[in-house]
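Comments concern the structure below.
Read-outs throughout are calculated quantities, based only on the coordinates presented, and are distinct from any laboratory measurement. Keep in mind that this is a model prediction, so the values were computed, not measured. Every residue, glycine among them, receives a Cβ derived from its backbone with ideal geometry; neighbour counts consider all protein chains shown.
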Amino acid sequence: MPKILVIDDEVDLLQLVKFRLEQEGWEVVTAQDGIAGLDAAVESQPDLIFLDIMMPQMDGFAFVERLRTTRGVHRTPVVMLTAKSTAMDIQRARDLYVQNYITKPFDPEKLVTTAKKLLKL
């Protein structure tokens, strides 16, 4: 069963995403900031990460920079799930080898479709 880590400081959105992904039968781990997210990634070894950019403690870009140098999880696929949609933000995500970029508000089905594609299901 795939394991997905969702990192977002908005509790309601975090619960919505968790609920929708669990409906697919996937295990979902959550964190509310980048530091807790990095700890959760190392501990849970997820198959995929959905990540907000604007968060306290460590933003999404700093999280991905750290993730890419963390043994055991450095190749984990990442999908940005964010309200930031400037060309500069999208390019920065690409430069960090982020696999996909979904802007808020979003259709929860897009999460499922994206996850299935990246998990090769």
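Taken over segment 73-109, the residue count meeting the criterion of being among the aliphatic types (A, V, I, L, M) and either in contact with a Pro (Cβ under 9 Å, 6 or more places away or on another chain) or in a strand (DSSP E or B) (or both) is 8. If the condition is being in a helix (DSSP H, G or I) and either more than 13 Å from V98 (Cβ to Cβ) or under 13 Å from the mean Cα position of the chain (by Cα) (or both), then segment 63-72 contributes F63, V64, R66, L67. Hey, could you check segment 45-62 for residues that are in a loop (DSSP other than H, G, I, E, B) and within 11 Å of the chain's Cα centre (by Cα) and say which is surrounded by the fewest Cβ atoms within 10 Å (Cβ to Cβ)? If we take residues in segment 45-62 being in a loop (DSSP other than H, G, I, E, B) and within 11 Å of the chain's Cα centre (by Cα), then D47 is surrounded by the fewest Cβ atoms within 10 Å (Cβ to Cβ). When R71, R92 are screened for being farther than 24 Å from K18 by Cα, without any contact (Cβ under 8 Å) to a residue 60 or more places away in the chain and either loosely packed, with under 14 Cβ neighbours inside 10 Å or touching a Leu at 6+ places or on another chain (Cβ under 9 Å) (or both), only R71 passes. Only residues that are of a type in the set (S, T, Y) and closer than 21 Å to L14 by Cα were counted in segment 67-96, giving 3. Please enumerate the residues belonging to segment 8-54 that are without any contact (Cβ under 8 Å) to a residue 24 or more places away in the chain, touching a strand residue (DSSP E or B) at 6+ places or on another chain (Cβ under 7 Å) and among the hydrophobic types (A, V, I, L, M, F, W, C). Within segment 8-54, just L14 meets the criteria.
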